[in-house]
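Okay, so here's the structure we're looking at.
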Amino acid sequence: MPENDQLISLFREHIASSAPLDEIDAAAARIAEAVGGSSPHLRLTALVAAAYQVLLRRMPRPDALSLVAEAFHEPMRPYVHDGTRAALDAAEDPFTVITEISRDREENYFGADFSFSRTEDSSRYLVDVHRCFYVHVLGLAGVPELGTVFCDFDTAWISAIDRDRHGVDFRRPTTIARGGTTCRFHFLRVDPGPQPRTRIDQG
């Protein structure tokens with residue numbers, strides 16, 4: 001999966017200064033073997049879990065969590081945020097654009113490793129995730145606390161949604177990794193706030 005291959009490459013590049021890659025790769029291989037299967041998300045999840053395990057042997061848990069989160073989030077954050085914001089800013093109907101992006105990723109990126117239910121009409125698109133592959137793998141690897149690091153990857157595109165500018169109210173009150181029974185991704189159409197007028201000076 002090209003997107004995961006890019007995430008893997010960037011993560012390895014950023015974590016290399018904090019832990020030996022050969023140790024991380026060996027730990028990742030053990031996790032992948034224990035989980036089994038051929039999920040396109042397994043290599044990435046196992047790699048992040050393995051890096052965390054290796055870092056835990058060298059530093060306190062909060063420091064290890066922080067380093068893993070930074071290596072996972074920061075390389076892609078500006079591209080994800082800016083790309084999402086640009087798409088919404090250019091859209092005649094931002095609600096339709098963001099919900100179609102969500103639907104496409106549910107079906108073509110996350111796929112069968114995750115389980116979704118949807119409630120939708122012209123003014124709402126409510127997605128609940130009932131099974132999360134990341135949570136499953138991290139639990140088997142003995143590092144369930146890493147689940148929120150995967151949740152927080154989404155803040156890049158979530159923060160690009162401006163309720164008043166785009167007429168979209170996004171809510172994610174809970175996730176499975178944070179103790180919820182589901183991960184709730186709820187998009188609501190709202191009236192956008194007043195937009196600033198373009199002033200034309202008369203010469």
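Values quoted throughout were computed directly from the atomic coordinates according to the rules given, and no laboratory measurement underlies them. Predicted model, so just to flag it, every value in this text is computed and none were measured. Positions of Cβ are backbone-derived with ideal geometry, glycine not excepted, and every protein chain shown enters the neighbour counts.
Values for this structure:
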item: Amide H contacts under 5 Å for Arg124, placed H, 5+ residues apart; result: Arg189
item: Rounded FRET efficiency, nearest 0.05, which uses the C-beta distance separating Asp152 from Thr96 and R0 of 22 Å; result: 0.25
item: Exposure proxy order (Cβ contacts within 10 Å, fewest to most) of Asp169, Asp5; result: Asp5, Asp169
item: CD proxy at 222 nm, helix term only [per DSSP H run n ≥ 4: -39500 (n - 2.57); per residue of the chain; nearest 500]; result: -15500 deg cm²/dmol
item: Label-point separation, Ala29 to Glu13 (7 Å along Cα→Cβ), nm; result: 2.5 nm
item: Karplus 3J(HN,Hα) series, Hz, for segment 27-40 with 6.51 cos²θ - 1.76 cosθ + 1.60 (x for Gly, Pro); result: 5, 5, 5, 5, 5, 4, 5, 5, 6, x, x, 10, 4, x
item: At R0 = 25 Å, FRET efficiency that the Cβ-Cβ distance of Thr174 and Glu145 yields, to 0.05; result: 0.95
